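What follows is one structure encoded as structure tokens, with my remarks underneath.
The values are calculated or read from the model by the stated rules, or taken from the named source; none is laboratory data. For clarity, every value in this text was computed on a predicted model and none was experimentally measured. We place every Cβ from the backbone using ideal geometry, glycine too, and count neighbours over all the protein chains shown.
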Amino acid sequence: MTLVRMPSATAPASPTSRTRARRARAHRRPRVLIAVTGLFFALLYLPIAVVALFSFNSQKSLTVFDGFSLRWYRAFVHDDVLIASLGTSLRISLVAMAGSVILGVALALGLVRCRTRLGSLAGLVMLVPLITPEIVTGVASMLLFKGLGVPLSTATVMLAEITFSISYVTVILRSRVAALNPEVEEAAMDLGATRWQAVRLVTLPALLPAVLASAVLIFALVFDDFVLAYFTTGVDPQPLSVRIYSAIRFGVQPTINAVGTLMLAGSIALIALALFIPRLFGRRGGLDILSGK
Amino acid sequence: MDATPAVRLDGVSKQFADSYAVHRLDLDIEAGHFYSLLGPSGCGKTTTLRMIGGFSDPTEGSVLLAGEDVTGLPPNRRNVNTVFQSYALFDHLSIADNVGFGLKRRGVARAEIRQRVGEMLELVQLAGFADRRPRTLSGGQRQRVALARALVNRPAVLLLDEPLAALDLKLRRQMQVELKQIQREVGITFVFVTHDQDEALTMSDRIAVMNEGRIEQCGTPEDIYEHPATRFVASFMGTSNLMTGTYRDGEVALEKGPALPVGTRSDIADGSAVSVSVRPEKIWLSDFEPGMSMLSGVIRETVYSGPTTTYLIELAPGLTLSVLEQNTARARMEDRWSGGETVEFGWRPEHCLVLA
Amino acid sequence: MALLRPSSRTRRRDANGTRIWTWLMLPGTLWMTGFLIASLVLVAVLAVGTTDELGNPRFGFDLAGIRALADPAYTEVLARSLGYALLTCVICLLIAYPVAYTIALYGGRYKHALIAAIVVPFFANYLVRMYGWSVVLSDDGPVLSALRAIGLADAGTRILNSGFGVVAGLVYGFVVFMIIPLYAALERLDVSLIEAGRDLYGGPVRTFFFVTLPATRQGAAAGLVLVFLPAMGDFVSAQLMGGPDQIMIGNLIQDKFFQGQNWPLGSALTMLLMLVLLVGMLGYLRRTRKDEAEALR
């Protein structure tokens with residue numbers, strides 16, 4: 001008796017046609033799965049579409065579309081408080097982006113290459129923001145500033161956002177650094193570069209696409225963040241996302257539809273750009289930026 | 001040899017945790033030689049190369065380049081350059097900038113850089129590729145760029161870490177010839193790490209065979225092949241018929257076969273266990289000469305492979321020798337044997353090596 | 001002679017400049033330690049602190065904040081938060097699995113684009129998305145109108161201001177964190193494995209349970225943690241979708257710091273939240289360790 005079942009000689013179908021049939025079955029599109037996925041996509045985009053649609057509504061209603069109008073956009077542009085908040089948000093995002101990218105890229109390089117006990121400790125510290133929910137980070141940051149006697153302001157938001165964003169940059173960059181061929185850096189040193197020159201002239205240029213992508217992503221994430229900003233901001237001027245939060249809590253203001261639509265469009269464009277940047281440099285792009293894989 | 005060696009390793013060891021990657025290595029490499037470090041993977045040859053290049057510091061001993069102790073100096077302060085196994089090209093720079101990288105680091109004038117890079121690309125037959133990116137080149141071309149990038153700095157010693165390993169067989173053969181030609185042309189000392197014995201034999205002036213962190217034997221390719229000093233070298237270089245036995249009075253009594261006369265060896269004590277090695281192509285099956293060691297056995301297998309035929313001859317139960325015959329034009333039909341036949345065979349005494 | 005040679009050990013300290021890695025690592029690590037670790041310690045310290053007459057926090061040792069956690073009003077909120085977060089995890093898994101499966105196996109050359117189409121809006125402004133979602137689920141929003149039209153809901157059916165609304169919000173907010181790891185696991189899954197499963201087990205259902213599901217277990221576990229973490233700490237969904245009866249622990253914390261001004265209690269609640277999440281994380285880590293150990297065997 002053999003352990004392997006052999007096709008019997010009397011079997012009518014030839015093996016090839018049977019495989020083909022099985023292949024076809026495996027690749028037949030299952031209608032139920034596709035329907036579920038379709039419904040998922042519909043529900044995913046519906047809220048975004050509703051906000052965008054009613055931002056062009058000529059009336060205040062959120063249920064009845066009365067006619068196309070730019071009146072809420074006009075209202076936003078003429079709202080000095082919101083415009084000031086927009087400026088604040090942009091400044092926060094820029095500073096947080098610059099700070100966290102510089103610290104995060106350096107940290108990623110160090111973490112991958114440094115094989116000491118200090119290195120593994122730093123790796124643990126880096127993980128803390130990723131497993132801490134934003135509300136805890138927010139509360140903790142606020143208490144720290146209050147405890148140090150630092151009045152909450154735009155600057156405190158910047159500091160808190162940098163702290164939170166370093167880990168994101170590091171996670172994105174770390175896998176890229178690990179994937180680099182260490183011989184390339186050695187080759188630079190072999191050709192007369194010091195270790196630092198090797199990092200500057202060879203390693204950083206090789207990381208450039210990932211650095212740019214992470215910078216864009218951090219900009220978008222910080223601009224959209226509201227929990228951390230909510231806990232660490234001063235009274236005036238507040239970041240845009242904090243204003244939106246207050247507005248949607250206390251009743252409908254159609255201006256928010258316009259602001260929200262602009263913010264959604266902006267961050268969708270930025271995140272799509274972050275996914276696309278590696279492709280500009282001819283690398284296989286994409287989603288691994290978000291998952292850090 | 002009174003000239004200062006280009007590279008001298010003086011009692012060099014490299015210890016990782018509690019094992020030695022390289023153990024008390026002494027090695028002199030003469031200037032202008034094509035020198036191969038040959039051995040199986042994990043034998044310490046790459047570690048040795050990295051210590052010469054300055055990428056790894058020895059835990060003991062010192063590295064001397066042209067008589068000067070460079071132990072502990074970083075790579076950028078040694079007059080050696082390296083061709084890496086992965087080529088390690090800078091993907092964000094053009095071919096010309098890759099090749100000119102070292103010269104630029106050393107502050108060579110731009111005009112001179114351009115001229116020397118041009119000459120070097122010419123030498124490696126990549127003259128038209130100056131503005132291309134490494135990514136757009138084939139494996140063989142990238143290999144040449146790596147070579148040009150190292151050679152353009154006119155190092156005293158060029159280190160090559162299995163540079164041909166990633167190429168396919170045909171390209172590898174072609175590059176072997178080319179690399180040897182380039183070495184003769186520029187006259188720079190090459191230290192070449194490889195696990196491929198054919199490659200080492202065809203290219204080198206000298207070979208050091210390494211095993212488990214030590215050098216088993218150094219010498220010319222012919223030396224190493226014809227007169228292996230150890231059992232390891234005999235089996236690693238080509239194929240050998242290795243037989244174990246006991247030495248006594250100019251004879252080795254084989255464990256599983258007859259006693260073979262091997263000549264008196266004053267350096268081997270009577271009664272010590274030894275190996276006897278005879279290369280398959282040194283065994284004769286006809287046209288014997290006087291003074292040969294003669295034996296007989298039964299042919300168990302014949303393996304025809306075009307230019308040669310290999311016979312597996314059973315000398316005694318459990319002891320089979322392989323014998324290689326050339327199928328030249330002069331070979332006679334009657335000098336072909338088939339399985340089951342009993343044949344006489346023999347070898348010249350000098351081709352039977354006793355390895356302690 | 002050897003004794004006269006300068007000690008090579010001191011000379012060799014850092015020939016390759018490897019100390020540069022420590023220097024590169026230091027600023028970021030010090031920054032995070034200074035801001036984050038220190039502030040988390042501060043939360044722990046303040047959880048056992050007191051307040052003065054004006055309500056300002058004072059350091060000290062008082063277990064009032066901790067003891068207050070045992071108050072049924074708070075334990076009820078904690079239980080509700082746990083329940084909602086776990087329910088959210090389960091629903092996310094049920095939604096994400098077919099979606100990720102469909103895209104990974106039937107997406108063909110569009111699968112990257114399809115996943116990007118899910119990921120990109122999810123990383124866009126959370127608040128605006130939740131706001132839009134609350135409009136969609138509102139009493140005369142499109143979802144309820146559609147359900148009423150096909151007779152699945154009557155005039156009194158509501159989604160907002162209920163526990164169902166909160167969970168719907170959490171699911172909408174964080175389902176992407178389930179899709180990404182599941183998709184990654186399913187994409188790695190060799191299609192020939194499924195075909196082999198068909199050969200061995202026959203039916204697609206048995207193949208799914210014996211081949212596909214075990215192969216993606218780690219992805220699902222990662223997804224559960226990634227959803228559980230933010231869902232447990234969220235306070236927007238409960239605020240926009242649930243109303244005052246459906247508050248979660250995040251709302252309590254927010255309230256203690258902004259309205260109630262009871263910082264020790266707020267800190268104690270924050271520590272409690274961290275504790276719950278830590279237990280969840282440890283459970284996950286132990287599971288994956290075990291899985292890895294089994295995979296190595």
Where a residue in the stretch B:253-280 is under 25 Å from B:V323 (Cα atoms) and its partner, wherever it lies, is buried (at least 18 other Cβ atoms within 10 Å of the Cβ) and of a type in the set (S, T, Y), with Cβ under 7 Å and at least six apart: B:V274/B:Y247; B:S277/B:S240; B:R279/B:S240; B:P280/B:S322
Run A:S246 past the list (1) in a helix (DSSP H, G or I); (2) out of contact with any Phe, Trp or Tyr (no Cβ under 7 Å at 6 or more places or on another chain); (3) crowded, with 17+ Cβ neighbours inside 10 Å; (4) more than 7 Å from every other protein chain (Cβ to nearest Cβ) and report the number of the one that doesn't hold. (3)
Residue hits (the stretch A:26-73; within 8 Å of chain C (Cβ to nearest Cβ), outside any helix (DSSP H, G or I) and among the hydrophobic types (A, V, I, L, M, F, W, C)) are A:L62
May I ask you to verify whether B:V193 is more than 24 Å from B:F55 (Cβ to Cβ), within 16 Å of the chain's Cα centre (by Cα) and either free of Cβ contacts under 8 Å to residues at least 12 places away in the same chain or not in a helix (DSSP H, G or I) (or both)? no
Could you check B:G318 against (1) farther than 21 Å from B:E350 by Cβ; (2) at pLDDT 90 or above; (3) not basic (K, R) and say which number it fails? (2)
The lone condition A:F219 fails out of (1) more than 30 Å from B:Y87 (Cα to Cα); (2) within 8 Å of chain C (Cβ to nearest Cβ) is (2)
Taking the stretch B:272-310 and keeping only residues that are in a strand (DSSP E or B), more than 18 Å from B:E341 (Cα to Cα), hydroxyl-bearing (S, T, Y) and out of contact with any helix residue (DSSP H, G or I) (no Cβ under 9 Å at 6 or more places or on another chain), one is left with B:S305
From the set of residues in the stretch A:183-216 that are touching a residue at least 40 places away in the same chain (Cβ under 8 Å) and of a type in the set (S, T, Y), which is nearest to the other protein chains (Cβ to nearest Cβ)? A:T203
Suppose the filter is touching a residue at least 12 places away in the same chain (Cβ under 8 Å) and within 14 Å of chain C (Cβ to nearest Cβ); does B:D28 pass it? no
Using beta carbons and a limit of 9 Å, which pairs, at least six apart or on different chains, have the first residue in the stretch B:32-50 and more than 15 Å from B:A200 (Cβ to Cβ) and the second one basic (K, R)? B:G44/B:K14; B:G44/B:R214; B:T47/B:K14; B:R50/B:K14
Within the stretch A:80-102, considering residues that are of a type in the set (S, T, Y) and under 18 Å from A:G234 (Cβ atoms), the one nearest to the other protein chains (Cβ to nearest Cβ): A:S89
Restricting attention to the stretch B:87-100, does a residue exist that is aromatic (F, W, Y), in a loop (DSSP other than H, G, I, E, B) and within 14 Å of chain C (Cβ to nearest Cβ)? no
Can C:R158 be described as more than 10 Å from chain A (Cβ to nearest Cβ), of a type in the set (K, R) and free of Cβ contacts under 8 Å to residues at least 24 places away in the same chain? yes
Verdict on A:I135 being out of contact with any Leu (no Cβ under 7 Å at 6 or more places or on another chain), modelled with pLDDT of 90 or more and surrounded by fewer than 22 Cβ atoms within 10 Å (Cβ to Cβ): no
Right, A:L217: closer than 16 Å to C:F122 by Cα and not hydroxyl-bearing (S, T, Y) or not? yes
Which pairs have Cβ atoms under 7 Å, sit 6 or more apart or on different chains, and link a residue in the stretch A:253-270 that is more than 16 Å from A:S85 (Cα to Cα) to one that is of a type in the set (D, E, K, R)? A:P254/A:K60; A:S267/A:D224
Checking the conditions here, which among C:T216, C:T270, C:T288 is surrounded by 19 or more Cβ atoms within 10 Å (Cβ to Cβ), away from every other protein chain (no Cβ under 12 Å) and among the polar types (S, T, N, Q)? C:T216
Got a number for residues in the stretch A:143-160 being under 22 Å from C:L277 (Cα atoms) and more than 7 Å from every other protein chain (Cβ to nearest Cβ)? 1
Between C:R148, C:R158, which is surrounded by fewer than 15 Cβ atoms within 10 Å (Cβ to Cβ), within 30 Å of the chain's Cα centre (by Cα) and not β-branched (V, I, T)? C:R158
For C:L127, the lone unmet condition from (1) more than 16 Å from A:L43 (Cα to Cα); (2) within 10 Å of chain A (Cβ to nearest Cβ); (3) over 24 Å from the mean Cα position of the chain (by Cα) is (3)
Please go through the stretch C:226-267 and give me each residue that is outside any helix (DSSP H, G or I), within 9 Å of chain A (Cβ to nearest Cβ) and buried (at least 24 other Cβ atoms within 10 Å of the Cβ), ordered by number. C:D234
Considering (1) surrounded by 23 or more Cβ atoms within 10 Å (Cβ to Cβ); (2) within 30 Å of B:R142 (Cα to Cα), say which one A:T163 fails and leave the rest. (2)
Any residue at all in the stretch C:79-92 that's touching an Asp or Glu at 6+ places or on another chain (Cβ under 6 Å) and touching a residue at least 12 places away in the same chain (Cβ under 8 Å)? no
Would you say C:T75 is more than 9 Å from chain A (Cβ to nearest Cβ), within 23 Å of the chain's Cα centre (by Cα) and farther than 26 Å from A:Y230 by Cβ? yes
Is there a residue being assigned to a helix (DSSP H, G or I), over 30 Å from B:R135 (Cβ atoms) and at pLDDT below 90 anywhere in the stretch A:268-287? yes
Taking the stretch A:103-115 and the residues there that are over 20 Å from the mean Cα position of the chain (by Cα) and at the interface with chain C (Cβ under 7 Å from one of its Cβ atoms), the one that is nearest to A:P182 (Cα to Cα) would be A:R113
Just for strands (runs of 3 or more DSSP E) wholly inside the stretch B:1-60: which have at least 1 residues that are more than 14 Å from the chain's Cα centre (by Cα) and not basic (K, R)? B:7-16, B:19-29
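Residues are listed down the side, and each one gets a yes or a no for (1) farther than 24 Å from A:T261 by Cα; (2) at the interface with another protein chain (Cβ under 8 Å from one of its Cβ atoms):
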site: C:T88; (1), (2): yes, no
site: C:A96; (1), (2): yes, no
site: C:G107; (1), (2): yes, no
site: C:A113; (1), (2): no, no
site: C:G132; (1), (2): no, yes
site: C:A149; (1), (2): yes, no
site: C:V167; (1), (2): yes, no
site: C:F177; (1), (2): no, no
site: C:L186; (1), (2): yes, no
Given the residues A:P205, A:P239, which is the only one that is buried (at least 19 other Cβ atoms within 10 Å of the Cβ) and either under 30 Å from C:G233 (Cβ atoms) or at pLDDT 90 or above (or both)? A:P239
